[in-house]
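Just so it is clear, none of the values below were taken in a lab; they were calculated from the coordinates. Since the structure is predicted, the reported quantities are computational estimates derived from the model, not experimental observations. Positions of Cβ are backbone-derived with ideal geometry, glycine not excepted, and every protein chain shown enters the neighbour counts.
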Amino acid sequence: MKENTNEKTLILSIETSCDETAASVIENGRNILSNIISSQIEIHKEFGGVVPEVASRKHIENINDVVAKAMSEADTEPEDIDAVAVTYGPGLVGALLVGINFAKGLSYAWEKPLIGVNHIEGHINANYIENKELQPPFLCLVVSGGHTHLVNVKDYGVYKILGMTRDDAAGEAFDKVSRAIGLGYPGGPLIDIAAKAGNKDAIKFPRAIIDDETLDFSFSGLKSAVLNYLHNSKQKNETVKIEDVAASFQEAVVDVLVMKTIKAAKQENLSTIALAGGVASNSRLRERLKEECLMHNYIFMKPSPILCTDNAAMIGCAGYYKYLTKKFADSSLNAMPNLELAN
């Protein structure tokens, strides 16, 4: 696909798949004019995780102001917007519906095309915003609270899924282990911080390779190994150093992610590797993947942490490439909480 470099195309995008209410205005897919994110993390902390009904209610309260701020910061009016893009899955069904229905209303009122965007595709597209020179094909490791995917990005909007998790996603494992060792929610950032003060070689947790033929992942066994270690230590009245548990667990996750990613790049003959998703903010994963890419002469690209979290800029980027090929939705667009990234 050739990019539309001669004309100025503005996409208003909306993201409400989980607990961030976000809106953005994107110019030609890669230039952020505004990127407003209203996070609910402090609200959900007391529950130890995201409560779907609470998330939906907060989206309803926030979305009008968030979209208005995005339009104002971008200094744009409805007539300037070429299309409205919105996440329609995967995610929490109630949360998704808030964004979808709001986007439908704007699309109808402003007489602009409506574009439905896959949330995982949005994470992959965040790399185009950060790295203006990036073009397909490339390999992308998508690691988030709900997903762990290895994807061959063959073209804009064209994907070949090479591997995915068979049970817990990497981010889900981080959250569960973080709760178990008393760090709380959200687990990813808290384990990342604690691990810096720990010894990654202190505890020998398993690396779930599954087998040599697959690029799939499995993290439930590792999670169970951590829980068993904590239980056995308690039974023996042994002191548990939380920082060592965090560092050892994190290293076990990173080892598998990096090993499978490099294997996939060799298998697909791809020389560029990109990171995406919430866990892509993890400092150890970024460090290790950068080291391995240097060792194998691969180009390594990653979004800034703000573009790794759930945000609307990445949805606007994905929406732009759908706009170029006129992949528009109609009023029947609905939430698809288990939406898969299409091959």
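Miscellaneous remarks
- The chain - mean residue ellipticity at 222 nm from DSSP helices (-39,500 (n - 2.57) per run, n ≥ 4, rounded to 500): -14000 deg cm²/dmol
- Contact order for the chain, expressed relative to its length and based on alpha carbon pairs under 8 Å spaced 6+ residues apart, stands at 25 percent.
- The Cα center of the stretch 97-170 and the Cα center of the stretch 77-94 differ in position by 13 Å.
- Within the stretch 191-291, GluC sites (Glu not before Pro) in DSSP loop having at most 11 other beta-carbon neighbours inside 10 Å: Glu213, Glu238
- Gyration tensor (alpha-carbon) shape descriptor, the stretch 35-132, a/c threshold 1.5: prolate
- Neighbour-count order for Leu141, Leu92, fewest beta carbons within 10 angstrom listed first: Leu92, Leu141
- Of the GluC sites (Glu not before Pro) found in the stretch 38-94, those in coil by DSSP whose Cβ has at most 15 other Cβ atoms within 10 Å are Glu46.
- The chain: angle of helix 93-110 to the longest principal axis, Cα-based, in degrees nearest 10: 20 degrees
- For the chain, the longest principal axis of the alpha carbon atoms and the long axis of helix 242-268 meet at an angle near 60°.
- Residues Ser72, Ser144 arranged by fewest to most Cβ contacts within 10 Å: Ser72, Ser144
- Span from the the stretch 180-201 Cα centroid across to the the stretch 41-62 one, whole angstrom: 23 Å
- Pairs exceeding 32 Å between alpha-carbon atoms, taken from Lys132/Lys176; Lys176/Lys327; Lys58/Lys176; Lys58/Lys260; Lys132/Lys326: Lys132/Lys176; Lys176/Lys327; Lys58/Lys260.
- Ordered by the number of other Cβ atoms lying within 10 Å of each residue's own Cβ, fewest first, Met314, Met336, Met71 fall into the sequence Met336, Met71, Met314.
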